[in-house]
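Okay, so here's the structure we're looking at.
The values are calculated or read from the model by the stated rules, or taken from the named source; none is laboratory data. What you are looking at is a predicted structure, and each value in this text was computed from that prediction instead of being measured. Here the Cβ is made from the backbone with ideal geometry for all residues, glycine too, and neighbour counts use every protein chain on show.
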Amino acid sequence: MILDLDPPDDDDFSAVVAVAHLVQQALSDSGLAGAVKTSGAKGLFVPIDDAPVDDVAAATRALAARAEALDPSIATTAFIVADRGGKVFVDSTRTGGATVAAAYSPRLRPDTPVSFPLDWSDLDPHLPRRLHSAHRT
């Protein structure tokens, strides 16, 4: 199960950190624990254990909706960019076939960003710039 968190713009990684905490709360409320890693692009991934694809897809949509409901002023499940209103997109559409950059994989993008795992405690609201810088190196 993957929830991909996409910032409203490339410079708003702190918003992604805030929504990651909403996802963590939604997971906790559901009796689940996840892991978090940068995508090596501009968002975060929150992978969960394996299960049948249809079940995972439904659970992923439900978790995304729960995270959005926790604070709809910063999180959205709107797929169309124009409908997001400057909020972080909690993307639940990656289940069942989308690829994900492996941890520590460099990405073929300007400045060669690297995907890397984080501990939830690394998502401190005071560290977004540091995370964003590390995320882009």
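Structure data summary
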item	result
Among (1) touching a Phe, Trp or Tyr at 6+ places or on another chain (Cβ under 9 Å); (2) among the small types (Gly, Ala, Ser); (3) modelled with pLDDT of 80 or more - the single one Ser39 does not satisfy	(3)
Unique residue being at pLDDT below 90, of a type outside the set (Phe, Trp, Tyr) and surrounded by 13 or more Cβ atoms within 10 Å (Cβ to Cβ) when the list is Val53, Val88, Val17	Val17
Filtered residues of the stretch 70-83 (kept if of a type outside the set (Gly, Ala, Ser) and farther than 15 Å from Ala18 by Cβ)	Thr77, Phe79, Ile80, Val81, Asp83
Residues of the stretch 91-121 satisfying the condition of being at pLDDT below 85 and touching a Leu at 6+ places or on another chain (Cβ under 7 Å)	none
Number of positions in the stretch 1-20 that are of a type in the set (Asp, Glu), assigned to a loop (DSSP other than H, G, I, E, B) and closer than 14 Å to Ala75 by Cβ	1
Residue check for Ser105: in contact (Cβ under 8 Å) with a residue 40 or more places away in the chain, crowded, with 17+ Cβ neighbours inside 10 Å and among the hydroxyl-bearing types (Ser, Thr, Tyr)	no
Matching entry among Val81, Val100, Val114 (being among the aliphatic types (A, V, I, L, M), over 15 Å from the mean Cα position of the chain (by Cα) and surrounded by 15 or more Cβ atoms within 10 Å (Cβ to Cβ))	Val114
